[in-house]
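Asks: One structure is given below, represented as structure tokens, and several questions about it will come after.
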Amino acid sequence: MKINNYEYDETYQGMRFEFKKVITNEDLDSFAKIVGDYNPLHCDVEFAKKKGFKDRVVYGMLAGSLFSTLVGMVCPGKNNLYLSQNLNFREPIYAGEELVIRGEILSKIDGINLLVIKTEIISNKSIKVEGVAKVRIIGDKDG
């Protein structure tokens with residue numbers, strides 16, 4: 001994926017951007033090793049099924065971390081300082097689903113170059129995760 005490099009004045013309220021990602025079972029295993037969370041809902045298919053899910057459930061924070069890719073690579077890209085992100089987990093995500101990670105600039109705060117971005121993860125026409133990110137654009141295009 002190419003890293004973008006938007007300057008503050010190149011962004012606008014209503015600007016939309018997105019990318020696609022499939023989280024694999026290997027991604028779930030790697031995330032478990034990195035963070036040390038071996039909750040069986042995420043690691044054990046049989047346990048997850050006994051709890052009413054169709055498969056291992058993707059970690060919410062793994063899914064939410066895709067918003068870092070959204071602002072760090074897609075918009076604004078290179079010169080951003082990620083200040084905050086809230087997350088609402090609406091529906092489970094399972095390995096193998098094609099996810100659309102989408103952002104839309106809700107507002108801009110001039111003077112401090114702040115973008116307020118609505119963030120969503122969508123699969124099968126359903127919003128799985130939603131939230132709002134606050135991102136400051138720092139530096140310039142050459143840096």
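The values are calculated or read from the model by the stated rules, or taken from the named source; none is laboratory data. Note that this is a predicted model, so its numbers are computed, not measured. When we count neighbours, we look across all protein chains shown, and the Cβ atoms used for this are built from the backbone with ideal geometry, even at glycine.
Asks: Checking the condition under 21 Å from GLY14 (Cα atoms), surrounded by 18 or more Cβ atoms within 10 Å (Cβ to Cβ) and hydrophobic (A, V, I, L, M, F, W, C), which residue from ILE112, ILE137, ILE127, ILE93 passes?
Replies: Matching residue, one of ILE112, ILE137, ILE127, ILE93: ILE137.
Asks: Turning to a different aspect of this structure: Only one residue in GLU104, GLU120 is within 19 Å of ASN4 (Cα to Cα), surrounded by 12 or more Cβ atoms within 10 Å (Cβ to Cβ), at pLDDT 95 or above and acidic (Asp, Glu). Which one?
Replies: GLU104
Asks: For LYS33, indicate whether it is basic (Lys, Arg), over 13 Å from ILE122 (Cα atoms) and without any contact (Cβ under 8 Å) to a residue 24 or more places away in the chain.
Replies: yes
Asks: Now, a different point. Quick check on ILE112: is it in a loop (DSSP other than H, G, I, E, B), touching a Lys or Arg at 6+ places or on another chain (Cβ under 7 Å), touching a residue at least 12 places away in the same chain (Cβ under 8 Å) and β-branched (Val, Ile, Thr)?
Replies: When the stated conditions are applied, ILE112 passes them.
Asks: Let me ask another. Identify, please: which residue in the range 49-61 is farther than 16 Å from THR24 by Cβ and either in contact with a Leu (Cβ under 9 Å, 6 or more places away or on another chain) or in contact (Cβ under 8 Å) with a residue 60 or more places away in the chain (or both) and is, among those, surrounded by the most Cβ atoms within 10 Å (Cβ to Cβ)?
Replies: Within the range 49-61, the match that is surrounded by the most Cβ atoms within 10 Å (Cβ to Cβ) is GLY60.
Asks: Does the range 70-89 contain at least one residue that is under 16 Å from the mean Cα position of the chain (by Cα), closer than 30 Å to ARG136 by Cβ, among the hydroxyl-bearing types (Ser, Thr, Tyr) and part of a strand (DSSP E or B)?
Replies: Yes, that holds for at least one residue.
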